[in-house]
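Here's the structure, in structure tokens; my notes come after.
The values are calculated or read from the model by the stated rules, or taken from the named source; none is laboratory data. Nothing here was measured: the structure is a model prediction, and the numbers come from that model. Reconstructed Cβ throughout: ideal geometry from the backbone, glycine too, with neighbour counts over all protein chains shown. Ligands, DNA and RNA are stripped out before the accessible areas are found, and what is left, the full protein with its side chains, is counted by its heavy atoms. Shrake-Rupley method; radii C 1.70, N 1.55, O 1.52, S 1.80 Å.
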Amino acid sequence: MKDAEFILDADVVLLKDRTVSVIGYGNQGQSQARVLRDNGINVIVGNIKDASWDRAAKDGFPVYAIDEAAKRSDVALVLIPDEIAPDVYYGEIEPEIRKKKHFVLDFASGYNITYGSIKPPPNTDLVMVAPRMIGFAILDLHEKKKGYPVLLGVAQDVSGKAWEYAKAIAKGIGALGLPGGVAIESSFEEETLLDLLSEHSWGPIMSAAMRAYFDVVTEEYGASPEAAILELYASGELSEVARAMAERGMVEQMADHSRTSQYGQFTRTERFYDTVKEMVRKEAADIWSGEFAREWSLDQSCGSIVLNRMWKIARESRLAKIEDRLYKTLGRR
Ligand code: NDP
């Protein structure tokens, strides 16, 4: 295990005399484009002709078709959904990159590079600046003059300056040089593992525990389903605990809970740990080997049969129906 290298600040000078295209004006795209522009960078947007195009134009950006934006830029931030990026990249971005002497290509996630679905040409610095922050929160933090964490990676360094480009982009999108801002030197593979393993471990384990809790207390102990949902997540207590974890750490936030709760949580975490670690280990291996990527890619090539079926089952579940009634009563729907 190596200690992380923390980077707290960087210089945007490498981007100053360049045109930076932001490809995709969605969650990340609109936030990153707006913060880059506020930081003095010449930004253009590449998008399909739809509502996101109109929003980018309304926000005052020159907007072009994706191939035209790639053609007009020296640096491109590819901020489109990961499952769509390979088609868009090979169809519209790479032909333009190949005509250039040098190009810098940035991704906000490691997925497509890790699994080889995108392989940029040898004239390209290939960097990753992966925010640990959702899009609208990036804008909110920018307005509050705060930074946020990012993971950096370099998979191809033809100019010898790829790490400097990654740091310059991190600074340009508002992550560094501000309270709360930190970049960690990482890699496309590490980012992919960390990101997917969150989604495949504590997320579904927590969802499974909540569903099991709901079924046990309502079916076997006659508890009110609405009271169960309020206890689990609808009261908002869970989000307060998550906020306390983010602000003070997982260990120290435990002091906020009653002593009975502390005792129950500490001892049961120990009781579950070995079983859960085995589950996490299996998921990590599936991500690292590419097995999960193969499974997901297969489902997409079959019209997302499994994903659509899972949505249908979830929406028709007893939990969803009771949740709907409760949320309407609470005025949230
Ligand atoms: P979004 O789902 O918000 O979509 C981004 C853009 O892609 C939109 O402008 C969208 O247009 C456009 N788009 C959709 N389909 C197509 C298509 N077929 N051809 C061309 N453009 C298309 O993506 P995110 O911002 O969530 O994700 C972008 C990247 O950032 C991904 O790599 C993701 O992993 C990464 N990331 C995302 C985070 C987040 O907060 N969501 C956090 C950290 C990293 P339209 O709106 O019209 O559909």
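Condition (residue is in a loop (DSSP other than H, G, I, E, B), within 11 Å of the ligand (Cβ to nearest atom) and either in contact (Cβ under 8 Å) with a residue 24 or more places away in the chain or open to solvent by 40 Å² or more (accessible area, probe 1.4 Å) (or both)) applied to segment 97-108: is it met by at least one residue?
Looking for residues that are in a loop (DSSP other than H, G, I, E, B), within 11 Å of the ligand (Cβ to nearest atom) and either in contact (Cβ under 8 Å) with a residue 24 or more places away in the chain or open to solvent by 40 Å² or more (accessible area, probe 1.4 Å) (or both), one finds at least one in segment 97-108, hence yes.
Which of the residues spanning segment 187-204 are farther than 25 Å from Ala162 by Cα, open to solvent by 50 Å² or more (accessible area, probe 1.4 Å) and over 14 Å from the mean Cα position of the chain (by Cα)?
Trp202, Pro204
Test Ala33 against the criterion of being more than 18 Å from Ala170 (Cβ to Cβ) and within 13 Å of the ligand (Cβ to nearest atom), and give yes or no.
So Ala33 does not fit the description; no.
Of all residues in segment 274-333, which are open to solvent by 70 Å² or more (accessible area, probe 1.4 Å), closer than 28 Å to Gly116 by Cβ and among the hydroxyl-bearing types (Ser, Thr, Tyr)?
Answer for segment 274-333, where residues must be open to solvent by 70 Å² or more (accessible area, probe 1.4 Å), closer than 28 Å to Gly116 by Cβ and among the hydroxyl-bearing types (Ser, Thr, Tyr): Ser289, Ser301.
Run down Ile305, Ile322 and say which single residue is closer than 23 Å to Glu219 by Cα and of a type in the set (Val, Ile, Thr).
Ile322
Filter segment 49-66 down to the residues that are open to solvent by 40 Å² or more (accessible area, probe 1.4 Å) and within 11 Å of the ligand (Cβ to nearest atom) and list them by number.
Result: Lys49, Asp50, Ala51, Trp53, Asp54, Arg55, Ala65.
For residues that are touching a helix residue (DSSP H, G or I) at 6+ places or on another chain (Cβ under 9 Å) and in a loop (DSSP other than H, G, I, E, B), scanning just segment 45-72, find the one that is farthest from Val13 (Cα to Cα).
Only one residue fits best here, namely Ile48.
Could you figure out which of (1) assigned to a loop (DSSP other than H, G, I, E, B); (2) small (Gly, Ala, Ser); (3) free of Cβ contacts under 8 Å to residues at least 60 places away in the same chain isn't true of Gly91?
Evaluating Gly91 over (1) assigned to a loop (DSSP other than H, G, I, E, B); (2) small (Gly, Ala, Ser); (3) free of Cβ contacts under 8 Å to residues at least 60 places away in the same chain leaves (1) as the failure.
Can you name every residue in segment 227-240 that is assigned to a helix (DSSP H, G or I) and open to solvent by 40 Å² or more (accessible area, probe 1.4 Å)?
Ala227, Leu230, Glu231, Tyr233, Glu237, Leu238, Ser239, Glu240
Is it true that Gly46 is surrounded by 24 or more Cβ atoms within 10 Å (Cβ to Cβ), within 10 Å of the ligand (Cβ to nearest atom) and at pLDDT 95 or above?
yes
Does segment 273-291 hold any residues that are under 11 Å from Leu193 (Cα atoms) and in a helix (DSSP H, G or I), and which are they?
Of everything in segment 273-291, those that are under 11 Å from Leu193 (Cα atoms) and in a helix (DSSP H, G or I) turn out to be Glu283, Ala284, Ala285, Asp286, Ile287, Trp288, Ser289.
Could you please tell me which pairs satisfy a Cβ distance under 8 Å, a separation of 6+ or placement on different chains, a first residue in segment 317-333 that is farther than 13 Å from Ala227 by Cβ, and a second residue that is open to solvent by 100 Å² or more (accessible area, probe 1.4 Å) and at pLDDT 95 or above?
From segment 317-333, the pairs are Leu319/Arg211.
Quick one: is Tyr90 among the hydroxyl-bearing types (Ser, Thr, Tyr), in contact with a strand residue (DSSP E or B) (Cβ under 9 Å, 6 or more places away or on another chain) and open to solvent by 50 Å² or more (accessible area, probe 1.4 Å)?
no
How many of the residues making up segment 130-171 are at negative phi and either part of a loop (DSSP other than H, G, I, E, B) or of a type outside the set (A, V, I, L, M, F, W, C) (or both)?
23
Can you confirm whether Asp82 is in a loop (DSSP other than H, G, I, E, B) and more than 10 Å from the ligand (Cβ to nearest atom)?
Here the answer is no, as Asp82 does not meet what is asked.
Any residue that is among the acidic types (Asp, Glu) and touching a Lys or Arg at 6+ places or on another chain (Cβ under 8 Å) - is there at least one of those in segment 203-220?
No, segment 203-220 contains no residue that is among the acidic types (Asp, Glu) and touching a Lys or Arg at 6+ places or on another chain (Cβ under 8 Å).
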